[in-house]
Amino acid sequence: MLITDKFIYVHQPKTGGTFVTSVIAAIHEARSDRVETFHLDGAAGWTQVPGSGAGMIARVLLRGRNQHGTRSDIPLRYRGRPLLATIRNPYDRYVSQYEFAWWRVYPEMFGPVEHVRRLCPRYPDLAFDEFVELTNTASLRYKPSADSEYTPGFQTQQFVEYLLAKPDDAYPLLHDDSAWDRLWELEKIGLHLIDQQALRDQLHAFLLQMGYAPGELALVRNADWIRPRIGPSVDSEWTSDYSPSLGAYVERMTRGRSPARDWTRYYTPELKAFVRERERVLFRLFPQFDV
């Protein structure tokens, strides 16, 4: 999460957020503003974060359940500011998460390893369809009643978790299109969403709207695609998040990856139909993704 005096950026993983936070931080550093990182433990930790007025931005990482931070984590004193977030085609995001293969670093990611291996005997060597199925079995925060005909998919649930003010109240409404639509009309007030596929152009337009000078936004269009900053050449506030083995893994997994990969080759017609049904709420909100 990035807090500026003009807006707050909520970083949903695997949506281009590293690029967004790094570019915005670089713009402020070029102004000689302070860019400080805060690692917080729980809600009480927010008292460590100053008011983020002009001349400073705060990069906030939450230890525990969700280091990126969600809309519901934002303290009341910041909630009047516009909220920026990035979104991504659900089909493509599944592919990105699969390629990143975080479970190889944290095998317990899907639950007790012995249980996961009963479901997928070859674990952690997952095929893409196995990963999608396991993600939609073991990684769901909300599970509807047994008589429900619809289980919201992982991408839809994480969208709710990150970008709605009261996720637990919103999950059950995913079963009722009319109720969800009414809620979304309220939730999207003050929320600015930019598509990862048009990240540079839409970020540039948003920052102009927020009053950034055109001359300082050249970095948005010209910066190389930014990968996670790891290794001995960077400051300790970033390296403290990585063990040597984890740092080497992230470096290996991100080296040379293109944000424009072709996700279509990962899907059989059956798997695509499964994802389309599970993520139907997202496809209703963003029909450009339904391709």
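Between beta-carbons, use under 11 Å as the cut-off and find the net charge around residue 210, counting Lys and Arg +1, Asp and Glu -1. In short, +1.
Dipole of region 59-127 computed with +1 at Lys/Arg Cβ and -1 at Asp/Glu Cβ about the Cα centre; of 112, 76, 61, farthest Cα towards the positive end is 76. Subtracting the Cα-Cα distance of residue 168 and residue 216 from their residue separation scaled by 0.36 nm leaves 13.3 nm.
Taking 0.36 nm per residue of separation and subtracting the Cα-Cα distance, full extension of the segment from residue 150 to residue 265 would add 38.7 nm. Given a Förster distance of 25 angstrom, what is the FRET efficiency for residue 102 paired with residue 143, based on the Cβ-Cβ distance and rounded to 0.05? Result of the calculation: an efficiency of 0.70.
State whether region 168-212 is rounded, prolate or oblate according to the following rule on the C-alpha gyration tensor (a ≥ b ≥ c being the square roots of its eigenvalues): a/c under 1.5 gives rounded; otherwise a/b larger than b/c gives prolate, and the remaining case gives oblate.
Cα axes put region 168-212 in the prolate bin.
How about region 75-157: which GluC sites (Glu not before Pro) there lie in a loop by DSSP and see at most 16 other Cβ atoms within 10 Å? Listed in order of number, the matching sites are 149. Using R0 = 22 Å, the C-beta based FRET efficiency linking residue 186 and residue 72 works out to 0.90.
FYI, it's all coordinate maths here, none of it is from the lab. None of these values were measured; they are calculated from a predicted model. Cβ sites come from the backbone with ideal geometry, for glycine too, and all protein chains shown count toward neighbours.
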